[in-house]
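Asks: Take this structure first; my questions come after.
The values are calculated or read from the model by the stated rules, or taken from the named source; none is laboratory data. These numbers were taken from a predicted model, which means no experiment stands behind them. Note that each Cβ is placed from the backbone with ideal geometry, even for glycine, and that neighbours are counted across all protein chains shown. With ligands, DNA and RNA removed, areas are computed over all heavy atoms of the protein, side chains included. Shrake-Rupley method; radii C 1.70, N 1.55, O 1.52, S 1.80 Å.
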Amino acid sequence: MRLAALKLRRGDRAILEAWTRAGTVEARVAKRARIALLAADGVSNREIATCVDMHYNQVGVWRSRYAEFGLAGLDDLDRSGRPPVYDHDDVLLLVKLVTEPPPDNATRWTMELLAQAMAEHDVPISASQAWRICSALDLKPWQVESWMTSHDPDFWEKAGDVCGLYLNPPENAVVWSVDEKTGMQAKSRINPTKPAVPGKRTRREFEYQRNGTAVLFAALDVHEGDVAAWVTDSSRSENFVAFLGDLVKYTPAGLDLHCIVDNLSAHGTPLVEKFLDDHPHVFLHNTPTHASWLNQVELFFSILQRRLLRNGEFDSVEDLAARVIAFIKDYNRKSKPFRWTYDGRPLKVA
């Protein structure tokens, strides 16, 4: 015997049709709304089941639910289910523990340590359940986010001095952004790297051998974009002074040199002071402490790292030095000044 068409309550058809079209309505609710509409059009439960990909017995359930309760009948009923094992106080205890320093001999909380700490408070819990609670609360004690804050009392004066050199350089002067890139490793693979072929990415053996390290002294001409560089063995003061001497020779005669440097101890030794006394047209401008990012040459170091050093293989320190200098010469052929900006607002640390 065919069921009579489902009788919709006044105004419900427009709401049900809207539910079937709205992208913000849950899929299961939209499906139930479609069941009610088809049933109201006199379609049988078996035919509706084919249309909505649901067993016809379940179609009958939702049809009956609407008939009895209206639109509210298309919502899920409260499930009895198993009550939560951990109550509000247990969750608060877990949050209290995980936001405190970890136990002695541990540098961070693990879920196993957290489960042990909970057990010491007579709340037995598994590591997996502790993880679920932490995840639900967006607590991630296994992750660490780092930042660095400058506490330099003269931060704004030094930052203003550096930015002033960028925006309004002195007349008859060259502004050099100077720094050292230390610890460049000359590494080579034990077995040759295999280049990419169709269907396969580049393959590189994990094992490598170290062939020594080198230090790059580099200076970026802020307003022209060229880079002057020298590869040596260390960042000691003698090498820094020698590099400053190279910059003097590299700079056209009659121009002052304004060099932006960080707070490395090698930049403030008596040897450096003597060089500055002997060369009154050379001026050093320090960035604030922990603010090397104000120094534009760091941008060039990032380019060098990504394009050459990260995946490069070098048989010796001499090979590394030659490849770095070749890279810089090629870079200078098409170099341009960086479009660098700093809006003057404090950095966000959280």
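Asks: Are any residues in the stretch 1-36 in a loop (DSSP other than H, G, I, E, B), open to solvent by less than 70 Å² (accessible area, probe 1.4 Å) and either out of contact with any helix residue (DSSP H, G or I) (no Cβ under 9 Å at 6 or more places or on another chain) or over 13 Å from GLY73 (Cα atoms) (or both), and if so, which ones?
Replies: Residues satisfying the conditions are ALA5, LEU6, GLY11, ALA22, VAL25.
Asks: Working carefully through the options ASP152, ASP161, ASP90, ASP138, find the one that is farther than 30 Å from HIS290 by Cβ and among the charged types (D, E, K, R).
Replies: ASP90
Asks: Counting only residues that are closer than 29 Å to LYS336 by Cα, of a type in the set (D, E, K, R) and surrounded by 13 or more Cβ atoms within 10 Å (Cβ to Cβ), how many does the stretch 199-252 have?
Replies: 4
Asks: Counting only residues that are touching a Lys or Arg at 6+ places or on another chain (Cβ under 7 Å) and acidic (Asp, Glu), how many does the stretch 283-316 have?
Replies: Total satisfying the criteria: 1.
Asks: May I ask you to list the residues in the stretch 308-337 that are crowded, with 16+ Cβ neighbours inside 10 Å and not in a helix (DSSP H, G or I)?
Replies: Scanning the stretch 308-337 gives GLY312, GLU313, PHE314, SER335.
Asks: Sort out which residues of the stretch 254-270 are polar (S, T, N, Q) and either assigned to a strand (DSSP E or B) or open to solvent by 50 Å² or more (accessible area, probe 1.4 Å) (or both), and write them in order of number.
Replies: ASN263, SER265
Asks: Kindly indicate which of LEU276, LEU299, LEU264, LEU320 is of a type in the set (A, V, I, L, M, F, W, C), over 17 Å from PHE217 (Cα atoms) and out of contact with any helix residue (DSSP H, G or I) (no Cβ under 7 Å at 6 or more places or on another chain).
Replies: From the options LEU276, LEU299, LEU264, LEU320, the qualifying one is LEU276.
Asks: Looking at the stretch 91-123 only, could you name the residues that are open to solvent by 30 Å² or more (accessible area, probe 1.4 Å) and not in a loop (DSSP other than H, G, I, E, B)?
Replies: Scanning the stretch 91-123 gives VAL91, LEU92, LEU93, VAL95, LYS96, GLU112, LEU113, GLN116, ALA119, GLU120.
Asks: Okay, moving on. Considering only residues that are touching a Leu at 6+ places or on another chain (Cβ under 8 Å) and open to solvent by 50 Å² or more (accessible area, probe 1.4 Å), which ones fall in the stretch 281-298?
Replies: Across the stretch 281-298, the qualifying residues are HIS281, PHE283.
Asks: Hey, another quick one. Exactly one condition in (1) out of contact with any Leu (no Cβ under 8 Å at 6 or more places or on another chain); (2) of a type outside the set (A, V, I, L, M, F, W, C); (3) touching a residue at least 12 places away in the same chain (Cβ under 8 Å); (4) within 30 Å of ALA159 (Cα to Cα) is not met by ASP278; state its number.
Replies: For ASP278, the failing item is (3).
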